[in-house]
C-alpha cells in the first residue's frame, strides 16, 4: 500500500469513527510560531498552563524522532442549549462555556486518536506515532492551520468553514510521510468584532492574546481575581465565549456535533447557591466528566460567589456571611467579602463584615473586608 492510498483509507476511516475533520501537515519546524511565542513570553502574555519550552512547541522532531507528518483532527461541539433553564431572583444561575459542555473533550479526542493509531499500526507496524490533545507540547492551532483544518482567527481560535470555531483539536505526529494538505486562506479580513467585543481587552490585536486578561484564563485560576476584572466576569463559572459568539463565521454554526458533547442544561447552567455547599465527592460525581472540572471545585465556587455579587442576590447573603466567617480558604472568604459589598446592606451585612474583620488573620482578606465596608458606608451616605 502506498502512503497516498493509506491516507485515503485513513480519511475514510476517520469519518466512520466520529472525526469531523482531518488534515495532514508536514512536521517541519514552526519557525513563524517560534518567533511569536518568544514575543508572547517577553511581553508576559502567557498563561502558565502551556508548555514552557518553546523549542518543544515548535520542533516536532524533539517530540518524535524522524517525524515526517502531523495529523490534525477536529471534532465539532454544540453552540446552542436546548430548553436552557432560566435564572431568577432567589435561584440565580452560572454558566460553563461551550467548550465544557458534555463529556470532557480530552477523553473523547484521545479515544479517536488511539483508534487512528491502531488503524495505522495495523497497516504499517513499523510506524511510530505520538498523539496529544490540548496539554501536549505542540500548538494545536498552528498544526490545524498548517493542515488545512481552518484558518487562525483574530479571536485566537481555528475557524473552520463547516463548523466555525466550535471545534476541539487534537494532533498525532508520525514517522510516515503523508502528502500535506493545503492551508486555508485567512477569511477574517477587516472584521474586528471579536477584538472589539472582548470584555477585558485580552485580544490585543488580531491573533494576539494577553492570557492574563482573558476571562477564560481568569476563571481557571485559584487565587483572588484582580478587582478590575470581577464585574466583567459576570456569572461565568468556567471559560468565556464572547469572542466566538460575536464572530460572523459562527452564525448558524454549532448545530452539528459529536453526541458525547450533548450538554446537560442543569450542569452547564447550574444554580449558584447549591454550588457553595457542594462536597468534593458530589462535585466529582456531578461535574467530574466535564472539561471545566479539571482545576477542582475551588475556582468554580469562587466564581459562583462572585456571580452572586454580580447579581446582587440578597437571598445569598446568609450563605455568603457564613463563608466569610467559617470557610477555611482565604480566596473564598475574600470573594465573599467582595460580593457582600456589591450586594449592599442586607441582613446585617455591615455588622457581619465588621465582626469578620476583627477575627480575620489573613491580610488580603482583611483588605477585601475593608473595601466592602467602605462600599456599604458610601451606600449609607448616599441613601
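The values are calculated or read from the model by the stated rules, or taken from the named source; none is laboratory data. None of the values given here were measured: they were computed from a predicted structure. Heads up, the Cβs are rebuilt from the backbone with ideal geometry, glycines too, and the neighbour counts pull from every protein chain shown.
Per-structure values
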item	result
Failed item, numbered, when residue 122 is tested on (1) part of a helix (DSSP H, G or I); (2) crowded, with 18+ Cβ neighbours inside 10 Å	(2)
Qualifying residue in the range 28-44 (condition: touching a strand residue (DSSP E or B) at 6+ places or on another chain (Cβ under 7 Å), assigned by TED's automatic domain parsing to the domain that holds residue 162 and either assigned to a strand (DSSP E or B) or at negative phi (or both))	no
Some residue of the range 72-88 being within 16 Å of the chain's Cα centre (by Cα), closer than 18 Å to residue 272 by Cα and crowded, with 21+ Cβ neighbours inside 10 Å	no
The range 197-227 - residue that is without any contact (Cβ under 8 Å) to a residue 24 or more places away in the chain and in a helix (DSSP H, G or I) and, of those, farthest from residue 272 (Cα to Cα)	213
Qualifying residue in the range 302-324 (condition: under 27 Å from the mean Cα position of the chain (by Cα), farther than 29 Å from residue 77 by Cα, free of Cβ contacts under 8 Å to residues at least 40 places away in the same chain and not in a helix (DSSP H, G or I))	yes
Filtered residues of the range 139-152 (kept if touching a helix residue (DSSP H, G or I) at 6+ places or on another chain (Cβ under 7 Å), surrounded by 23 or more Cβ atoms within 10 Å (Cβ to Cβ) and either part of a loop (DSSP other than H, G, I, E, B) or assigned by TED's automatic domain parsing to the domain that holds residue 204 (or both))	150
Residues of the range 343-383 satisfying the condition of being modelled with pLDDT of 95 or more and not in a helix (DSSP H, G or I)	360, 361, 362
Residue in the range 99-114 that is assigned to a strand (DSSP E or B), surrounded by 23 or more Cβ atoms within 10 Å (Cβ to Cβ) and touching a helix residue (DSSP H, G or I) at 6+ places or on another chain (Cβ under 6 Å) present	no
Checking residue 156 against (1) over 17 Å from the mean Cα position of the chain (by Cα); (2) in the same structural domain as residue 78 (by TED's automatic domain parsing); (3) surrounded by 18 or more Cβ atoms within 10 Å (Cβ to Cβ), the condition it does not meet	(1)
For residue 216: the one exception among (1) in the same structural domain as residue 289 (by TED's automatic domain parsing); (2) touching a helix residue (DSSP H, G or I) at 6+ places or on another chain (Cβ under 8 Å); (3) buried (at least 18 other Cβ atoms within 10 Å of the Cβ)	(2)
In the range 249-296, the residues that are touching a helix residue (DSSP H, G or I) at 6+ places or on another chain (Cβ under 7 Å) and either over 20 Å from residue 105 (Cβ atoms) or not assigned by TED's automatic domain parsing to the domain that holds residue 308 (or both)	272, 273, 275, 276, 278, 280
